[in-house]
Amino acid sequence: LINGGKENETCLRKYQKRCMQDLHQKLSFGPRYGSLSELQSGEQFLETIEKERKTATIIVHIYEDGIKGCELLNSSLTSLAEEYSMVRFRKIKASNTGAGDRFSS
């Protein structure tokens, strides 16, 4: 009986470990990104938003070169992208969005 108890305990631990691995895999679904990547155009920006899974979290920084706050935020987003690899971090230069063309007189 004592040996049977140890075997049962070992079997139970293996089962528990497998269940934990399965649960971890289920909770870690979806793609992993891990970096801040550059969008080159307004079309790419729209594609990123429209074609991503509906449950995905996307953070897009619209920035311009030479602005200290933008440079600092890009640096912070690079660090965050590495830490939160399930979130898609993107950046696009404001002048590349094409939005300014729609608002000029």
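The values are calculated or read from the model by the stated rules, or taken from the named source; none is laboratory data. Predicted, not measured: the structure shown is a model, and the values here were computed from it. Glycine gets a Cβ as well: all are built from the backbone with ideal geometry, and neighbour counts include every protein chain shown.
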Practice item. For the stretch 48-61, enumerate the residues that are loosely packed, with under 11 Cβ neighbours inside 10 Å and part of a helix (DSSP H, G or I). Key: Glu50, Lys51
Exercise for review: Return the total of residues in the stretch 19-47 being at pLDDT below 90 and part of a helix (DSSP H, G or I).
Suggested key: 9
